[in-house]
Amino acid sequence: MRVVVVGGGAVGASVAFHLATCPGFAGEIVVLERDPSYARASTTLSAASIRTQFSTPENIRLSRYGWSLLAEAPRRLGVDCALRDRGYLILASAAGAPTLRANHAVQRAEGADVALLGPAEIATRFPWLSVAGVALGALGLSGEGWFDAASLLQGLKRAAISAGARFETADAAGFDRDGARVVAVVAADGRRFPADVAVNAAGAWGGETAARAGLRLPVRGAKRTVFRLLCREGGRIAVESPLIVDPSGVWMRPEGQGFIAGVSPPPDRDPPAIDFEPVWDDYEATVWPALAARIPAFEALRAERAWAGWYEMSDWDANGFVGALPEAPNLIHACGFSGHGVQHAAGVGRAVAELVATGGFRTLDLAALSPERVARGERVIERAVI
Ligand SMILES: Cc1cc2nc3c(=O)[nH]c(=O)nc-3n(C[C@H](O)[C@H](O)[C@H](O)COP(=O)(O)OP(=O)(O)OC[C@H]3O[C@@H](n4cnc5c(N)ncnc54)[C@H](O)[C@@H]3O)c2cc1C
């Protein structure tokens with residue numbers, strides 16, 4: 001069997017790794033990546049954080065496998081992904097508290113190690129944090145934190161290559177079809193990669209890639225800026241802080257001696273991504289005021305630099321697509337993870353490998369994430385999108 005994967009970011013590399021190491025699979029795996037420097041890939045531009053604090057069982061389970069692969073990366077991938085077990089602290093106002101409680105019930109049912117804390121408990125644990133306007137917090141006690149996404153990508157890629165996969169520098173420009181089936185992926189330079197199965201792991205370009213096969217998949221790029229921050233009074237905070245999500249939507253976490261932070265704009269101010277210029281206005285207008293109010297020491301915060309990347313937004317329900325459409329049954333989509341795709345790359349890659357090798361999901365049923373849900377009018381609403 002010949003499998004051609006379009007996109008060699010964390011998701012495509014994970015598909016290749018899991019397929020190449022899947023006991024039941026014997027065949028050829030080719031990954032087409034148009035930019036092996038990964039300068040614009042979401043994987044290398046991400047905040048590289050991982051949480052179990054989602055609202056859907058699938059996303060929680062994907063994170064738990066993601067965590068186990070990161071923890072075992074030295075043995076399984078031959079790299080240390082610098083995994084930090086530091087937790088997320090998601091803060092809610094009175095209006096947001098019922099949603100936090102409902103999400104927590106799903107998380108606990110899935111075995112996630114998350115505690116609900118009242119404002120007094122939060123203030124005791126994190127005395128440098130203001131709890132003004134906070135009605136409730138949810139703190140990950142284990143299995144949440146951050147890591148080095150570039151190491152994860154390189155580890156997956158190298159382990160996939162050692163197990164027999166091939167990475168080619170190629171821009172997938174189109175698909176040759178025989179009726180509904182894809183029979184080859186055609187590169188912009190004319191090279192033709194015959195395929196029994198093709199995988200769309202093109203990230204923010206997943207909608208565009210599907211369109212090249214004549215399919216409609218509601219995945220688009222959405223620009224997000226990450227600010228790198230320094231604070232001369234932030235030493236203790238850098239050591240003690242989990243990733244904090246403020247009720248305003250502003251998030252921040254320690255990174256080395258400093259911090260990184262960002263915010264997702266409301267849907268009505270979220271234009272399609274056209275460039276990679278950081279949006280500095282967001283820092284002045286939203287990020288700094290929220291952080292300075294939440295952490296008084298951050299009055300003295302200094303933005304050292306910023307970068308922007310693209311979320312691979314699913315406009316349908318802010319959840320990823322895993323599976324094929326009936327119009328092209330051997331083109332499997334694995335994209336649209338809406339800001340949580342690095343932590344889920346491991347589990348998505350394993351699920352796609354199982355689909356390809358055995359015809360169905362085995363360890364983790366992701367049938368709910370089928371792209372057919374759009375035509376059926378079904379949404380898998382993820383309430384915890386950051
Ligand atoms: C600022 C920011 C912060 C984020 N923070 C987090 C976080 O904390 N935790 C988390 O889990 N996720 C986070 N994400 C989301 C995460 O980065 C993505 O969901 C994830 O990286 C998607 O992986 P991918 O492999 O699908 O995409 P990518 O890494 O973008 O890889 C897709 C690859 O496909 C290639 N490609 C596209 N089209 C073609 C084509 N036609 N032919 C050949 N190659 C093609 C591209 O060059 C690219 O390298 C964040 C994203 C951003 C932008």
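The values are calculated or read from the model by the stated rules, or taken from the named source; none is laboratory data. These figures come from a predicted structure and were not determined experimentally. When we count neighbours, we look across all protein chains shown, and the Cβ atoms used for this are built from the backbone with ideal geometry, even at glycine.
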Could you list, in sequence order, the residues of the range 124-139 that are farther than 13 Å from A293 by Cβ and either surrounded by fewer than 16 Cβ atoms within 10 Å (Cβ to Cβ) or touching a Lys or Arg at 6+ places or on another chain (Cβ under 6 Å) (or both)?
T124, R125, P127
Answer yes or no as to whether A165 is away from the ligand (no atom under 16 Å from the Cβ), buried (at least 21 other Cβ atoms within 10 Å of the Cβ) and either touching a residue at least 40 places away in the same chain (Cβ under 8 Å) or more than 21 Å from the chain's Cα centre (by Cα) (or both).
no
Long-range neighbours under 7 Å by Cβ, at least six apart or interchain, first residue under 16 Å from V114 (Cα atoms) within the range 49-66, second surrounded by fewer than 21 Cβ atoms within 10 Å (Cβ to Cβ) and of a type in the set (D, E, K, R)
T52/R64; S55/R383; P57/E110; I60/E110; R61/E110
I'm trying to understand the selection: among the residues of the range 84-98, which are more than 13 Å from the ligand (Cβ to nearest atom) and in contact with a Leu (Cβ under 6 Å, 6 or more places away or on another chain)?
G87, L89, A92, A97
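Okay, residues lined up against (1) within 16 Å of the ligand (Cβ to nearest atom); (2) more than 17 Å from the chain's Cα centre (by Cα); (3) closer than 30 Å to P371 by Cα:
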site	(1), (2), (3)
S130	no, yes, no
A188	yes, yes, yes
A201	yes, no, yes
A211	yes, yes, yes
So in the range 281-311, with the set limited to residues that are free of Cβ contacts under 8 Å to residues at least 40 places away in the same chain and more than 25 Å from the chain's Cα centre (by Cα), which one is farthest from G221 (Cα to Cα)?
E299
Tell me, yes or no, whether the range 204-212 has at least one residue that is surrounded by fewer than 18 Cβ atoms within 10 Å (Cβ to Cβ), under 30 Å from A306 (Cβ atoms) and among the β-branched types (V, I, T).
no
Output for the range 108-142, where each listed residue is in contact (Cβ under 8 Å) with a residue 60 or more places away in the chain and part of a loop (DSSP other than H, G, I, E, B)
A112, D113, F126, W128, L129, S130, A132, G133, V134
Those residues of the range 295-308 which are farther than 29 Å from T43 by Cβ and touching a strand residue (DSSP E or B) at 6+ places or on another chain (Cβ under 7 Å), in sequence order:
A297, A300
Checking the condition surrounded by fewer than 24 Cβ atoms within 10 Å (Cβ to Cβ), within 15 Å of the ligand (Cβ to nearest atom) and closer than 27 Å to S241 by Cβ, which residue from Y38, Y65 passes?
Y65
Where in the range 298-386 are there strands (runs of 3 or more DSSP E), lying fully within it, with 3 or more residues that are buried (at least 24 other Cβ atoms within 10 Å of the Cβ)?
301-314, 328-335
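Please determine whether any residue of the range 5-22 is away from the ligand (no atom under 13 Å from the Cβ), closer than 22 Å to L139 by Cβ, in contact with a helix residue (DSSP H, G or I) (Cβ under 6 Å, 6 or more places away or on another chain) and of a type outside the set (V, I, T). Working first, answer last.
Here is the first cut: in the range 5-22, the residues away from the ligand (no atom under 13 Å from the Cβ) are 18-22.
From what's left, closer than 22 Å to L139 by Cβ: none.
No; the residues of the range 5-22 include none that is away from the ligand (no atom under 13 Å from the Cβ), closer than 22 Å to L139 by Cβ, in contact with a helix residue (DSSP H, G or I) (Cβ under 6 Å, 6 or more places away or on another chain) and of a type outside the set (V, I, T).
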Count - residues of the range 337-362 that are more than 16 Å from the ligand (Cβ to nearest atom) and without any contact (Cβ under 8 Å) to a residue 40 or more places away in the chain:
5
Residues in the range 4-15: is at least one surrounded by fewer than 24 Cβ atoms within 10 Å (Cβ to Cβ), of a type in the set (G, A, S) and at pLDDT 95 or above?
no
Say we look at the range 251-280 and pick out the residues that are in contact with a Ser or Thr (Cβ under 6 Å, 6 or more places away or on another chain), part of a loop (DSSP other than H, G, I, E, B) and in contact (Cβ under 8 Å) with a residue 40 or more places away in the chain; which of these is surrounded by the fewest Cβ atoms within 10 Å (Cβ to Cβ)?
V279
Given the criterion surrounded by fewer than 20 Cβ atoms within 10 Å (Cβ to Cβ), modelled with pLDDT of 95 or more and β-branched (V, I, T), identify the matching residue among V287, V239.
V239
